[in-house]
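Structure first, then comments.
Every number in this text was worked out from the coordinates using simple rules, so none of it is lab data. Given the structure is predicted, the values throughout are model-derived calculations rather than measurements. Note: ideal-geometry Cβ built from the backbone for every residue, glycine included; neighbour counts use all protein chains shown.
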Amino acid sequence: MSNKNSIMDFSAQKLFEQLKSTKEKLITEKKIMDKKDKHIYPISDIPFSIPENWEWCYLSDISIIQEGPGIRKHQYENEGVQFLTVTNILEGAVDLEKSKKYISNDEYDNKYSHFTINKGDIVTACSGASWGKSAIFNTNDKLILNTSTLRLRFYNDLGNNKYLYYLTKTTYFKKNLSSHSTGQQPNYGYSHYSKIPIPLPSIEEQKRIVSILDRAFEAIAKAKTNAEQNLKNTKEFFESYLQGVFENKGDDWEEKTIGDLGKPSMCKRILKEQTSASGDIPFYKIGTFGKSPNAFISKELYNEYREKYSFPKKGDILISASGTIGRRVVYDGRPAFFQDSNIVWIDNDEKIVLNNYLYFFYGYCDWQPEKGATISRLYNSNLKRIRILFPKSLKEQQQIVIKINNLSAEAKKLEAIYQQKTNDLEELKKSVLQKAFKGKL
């Protein structure tokens, strides 16, 4: 039963005493485990200044911190009681459709019922790339914790749980948690969360802060949605323009396959031991395509291969043929070596189609590579069959390229503006949160 009504006028100090007393009672009643934290008060190393009538306290002295059990694959069922995974936890929401894994009702009743997540619990991912994501569980679905997830909640709901939820969103909270990491892979649990010092105001102040943050975050979310929609509209407009260029045949246009323009080419295969971490000639692998190289070959090997095998010429359009297929780069002509079969180009003499025109066509093209045994790949045969529409006049092609370049430049300006606005709104959220938990709202 909630004790909220009986403590509405409690100061932060009295609230803290009430929370500690409730924790001791829950331990005595064996409703929670005694982790023997041995926290020392007052906390000597204060993270930042807070109002005099607030209290600094450790998270485990005011909140349940329950980690999930380690449910193994052999326990998984197709139905029964669903358990939470880090995939289900989004930033601010729980999506039970993202991952659907279950244990049997019998196992739930006999082993795991005490890991049930209650409506209003704060659930958080505490391992892997998504660590730190948190949300309030707001449905009545039967759900339990599992590995890499935990739940938080003020003891007996004596505090405002949404205050605690917003606190988990702060840079301070995440940095403090991260500071306790000991391994290469982020992996946090009770021992880490329990050490985080928490600024605790009175319950009335918590409610006031939550009300302000609710309104502020609603306005920020609306502005962010508008900025993201504008960004999407800008990209769609540019894509629509490209579609019109490459699909609407003019009076003096013709259609050919990419294979009609020239022969698909690639560099000769080289062995890993022929590369080094430094050297004369950069070697671009698929992972560094369009980025800075992290491997090199000798000038001697480069000169030897250049005499015998295919190399792109300045202006040729290089294409990624695996991974994210269709990424393209205009080759600047500087000496370089490119990973065989993963980076290809058409040996185009520009007598029929300009490379600049071809570059934009590749950006529009709907790549449909064949499925290999383990990875999707763009084979030479795929590339050769792709059909391209173009004006016969190279001058007209160049005029189209100029128009696309101009529109692309304007689109990029708008994208930069909307992206910056989105970034600024994220920074505003951080700033508002920082002020909230320093008592400056």
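Of note:
- Helix content alone sets the calculated 222 nm mean residue ellipticity of the chain: runs of n ≥ 4 DSSP H residues at -39500 (n - 2.57) each, divided across all residues, give -11500 deg cm²/dmol.
- Shape class for the range 189-347: oblate, because the ratio a/c of the largest to smallest gyration tensor axis (alpha-carbon atoms, square roots of eigenvalues) is 1.5 or more and b/c is at least a/b.
- Folded to 0 to 90 degrees: helix 12-28 orientation relative to the chain principal axis, Cα: 90
- Given their separation in residues at 0.36 nm each and the Cα-Cα distance between them, R334 and E218 gain 36.6 nm when the chain is fully extended.
- Placing +1 on the Cβ of every Lys and Arg and -1 on the Cβ of every Asp and Glu, with no other charges, gives the range 253-392 a dipole of roughly 180 debye about its Cα centre.
- By average C-beta atoms within 10 angstrom, highest first, the peptides 191-201, 101-111: 191-201, 101-111
- Judged by the mean number of other Cβ atoms found within 10 Å, the most tightly packed of the peptides 127-140, 317-330, 393-406, 144-157 leads the ranking 144-157, 317-330, 127-140, 393-406.
- Selected from Q368, Q66, V432, residue furthest toward positive end of dipole (the chain; charges at beta carbon): Q66
- Each residue, Q419 and K395, gets one label point 7 Å from its Cα in the Cβ direction; the gap between the two is 3.7 nm.
- Magnitude of the charge dipole, the chain, Cβ model with Lys/Arg +1 and Asp/Glu -1, debye to 20: 480
- For the chain, the calculated P(r) over all alpha carbon pairs, in 20 Å bins from 0 to the bin holding the longest distance, is 19, 36, 30, 14, 0 percent.
- Straightening the chain between D37 and T257 buys 72.1 nm, computed as 0.36 nm per residue apart minus the Cα-Cα spacing.
- Considering only the chain, percent of DSSP beta bridges that pair antiparallel, nearest 5: 90
- Where labels lie 7 Å past Cα in the beta-carbon direction, separation of D280 and Y76 in nm: 5.3
- Rg/Rh for the range 318-363, where both radii come from Cα atoms and Rh is the Kirkwood radius: 0.96
- Distance in nm between pseudo-label sites at K435 and S211 (7 Å out along the Cβ direction from Cα): 1.7
- Where only C-alpha atoms are counted, convex hull volume of the range 4-201 per residue in Å³: 132
- Listed residues Q229, W253, T275: farthest to the positive end of the dipole of the chain (Cβ charges): T275
- Charge dipole (the range 296-441, unit charges on Cβ, about Cα centre) - positive-most of W345, P391, Q420: Q420
- For the range 253-392, the relative contact order works out to 35 percent when only alpha carbon pairs closer than 8 Å and six or more residues apart are counted.
- DSSP-defined antiparallel bridges as percent of all bridges, the range 253-392, nearest 5: 90
- Dipole magnitude of the range 4-201, debye to nearest 20 (Cβ charges: Lys/Arg +1, Asp/Glu -1, about Cα centre): 260
- Cα gyration tensor shape for the range 253-392, rounded if a/c is under 1.5, else prolate or oblate: prolate
- Tensor-based shape of the range 173-269 (alpha-carbon gyration tensor, a/c under 1.5 rounded, otherwise prolate or oblate): oblate
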